[in-house]
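A.B. asks: Pasting a structure here, questions to come.
What follows draws every value from the coordinates through simple rules; no lab data is involved. Fair warning: this is a prediction, and the values are worked out from it, not measured in the lab. For neighbour counting, all protein chains shown are included, and Cβ atoms are generated from backbone atoms with ideal geometry for every residue, glycine included.
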Amino acid sequence: MAQRPDSSTNRLDDAARAGWLYYVAGNTQEEIAAKLGISRQSAQRLVSLSVSEGLIKVRLDHPIGRCMDLASRLKSRFALDLVEVVPSDPSSQSSTLGIAEAAATEIERWLKRPDPIVMAIGTGRTLKAAVAQLTPMECPQHKVVSLTGNIAPDGSAAFYNVIFNMADTVKSRSFPMPLPVIASSARERELLHAQPMIRETLALAAQANVTFVGVGDIGPDAPLYLDGFITDAELKALQKAGAVGEICGWSFDADGRLIEGLTNDRVASAPMPSREASLVVAIAMGDRKLPGIRATLNRRLVNGLITDERTAEGLLRLH
């Protein structure tokens, strides 16, 4: 058997080829071994590597009865226009597993439209995971606009702002929000929003045909706090005011009402696009986010939801 150069690049090339042969072409591991001139064990390892390295993105394309039933009940209970419920892994503590892939599928469904659309995008870990699952495509007819600022407190690019990664993957026109996520004062936000370039981006966001956002919790590990956008004192003030969740930095209480004052006076994000004229989809799962997701749905801050079985069951119990 011919020996191949043992380099990481060649190994990834082989893994990609093995993954394609297995998941796309439908070859067995024995067939892959024969075609690549390697042992069956090596073929198995290469197929596994293709998934672990993200070379192959595996999506479930089969409606599961229980998930469909939960989706139907959520859709009816909360008067939603779109609900996708994915299976839960009881042993996983991930806040993105399954829903990132489902969100990528829904995003791609919109991007495959031939007529131009405006897609608004929030920020956060879940959306970043979803964008990482997108299939590269050419979508120059579409516009993708960020709802949130892309500047972190230290002046660097915000790590979970996904607008540039997405635009690079789908080759659409991108419209970032060149602002801090949370301004230093209400007056600073007013001045920033008055800039012509920012006004145009805000106006474009308001015209979005479809919007995808994450839902952050306001617990001790709140993303706004962990990522340095608010201080410990500001987090405690939000909690004292009854905040249970946030979308694009906008904090709200258990009834889905925006918290008056505090950090909401300084959030530089665009307002949420109209739920009456467009689709606004929340992508979120997990026990910590249940109160925030429930408030979001009760107040109709969104009219679409992508979540998992366990969260869907919790929402139906809590309502």
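A.B. asks: Going by alpha carbons, how many degrees (0 to 90, nearest 10) lie between the helix axis of 309-318 and the longest principal axis of the chain?
C.D. replies: Here the helix axis deviates by roughly 30 degrees.
A.B. asks: Then there's this: Pairs K57/K143; K35/K171; K57/K128; K57/K171: which exceed 23 Å Cα-Cα?
C.D. replies: Working: K57/K143 25 Å; K35/K171 35 Å; K57/K128 15 Å; K57/K171 19 Å.
Going by Cα-Cα distance, K57/K143; K35/K171 fall outside the 23 Å limit.
A.B. asks: Cα convex hull of segment 8-52: mean projected area in nm², to one decimal?
C.D. replies: Values: hull surface 10.5 nm².
So the mean shadow area of the Cα hull is 2.6 nm².
A.B. asks: Build a GNM of the chain with springs between Cα atoms under 10 Å: which of T96, T105, T231 gets the top mean-square fluctuation?
C.D. replies: Checking each option, the largest mean-square fluctuation is seen for T231.
A.B. asks: Can you give me the angle between helix 8-19 and the longest principal axis of the chain, using Cα atoms only, in degrees from 0 to 90, rounded to the nearest 10?
C.D. replies: Its long axis makes an angle of about 90 degrees.
A.B. asks: Sticking with this one: Which residues' amide hydrogens lie under 5 Å from the amide hydrogen of L179, considering only partners 5 or more residues apart or on another chain, with H built in the peptide plane?
C.D. replies: N150, I151
A.B. asks: Taking springs between alpha-carbon atoms closer than 10 angstrom, which of Q195, Q93, Q41 fluctuates most in the Gaussian network model of the chain?
C.D. replies: Q41
A.B. asks: Could you tally the net charge around G216, taking each other residue with its Cβ under 11 Å from the Cβ of G216, Lys/Arg +1 and Asp/Glu -1?
C.D. replies: On the way: positive: R125, R288, K289; negative: D217, D221, D227, E246.
Combined, the nearby Lys, Arg, Asp and Glu give -1.
A.B. asks: Where does the charge balance sit around A15 when Lys and Arg score +1, Asp and Glu -1, over other residues with C-beta under 9 Å from its C-beta? Walk me through the numbers on the way to the answer.
C.D. replies: Values: positive: R11, R17, R45; negative: D13, D14, E53.
Here the charged neighbours net out to 0.
A.B. asks: Cut-off 10 angstrom, C-alpha nodes, Gaussian network model of the chain. Which of S76, S174, S42 fluctuates the most?
C.D. replies: Result for the chain, Cα springs under 10 Å: S42 fluctuates most.
A.B. asks: Helix-derived [θ] at 222 nm for the chain: sum -39500 (n - 2.57) over DSSP H runs of at least 4, divide by residue count, nearest 500? Let's see the in-between values first.
C.D. replies: Values: 13 runs with 126 residues, N = 319.
Helices in the chain give a 222 nm mean residue ellipticity of -11500 deg cm²/dmol.
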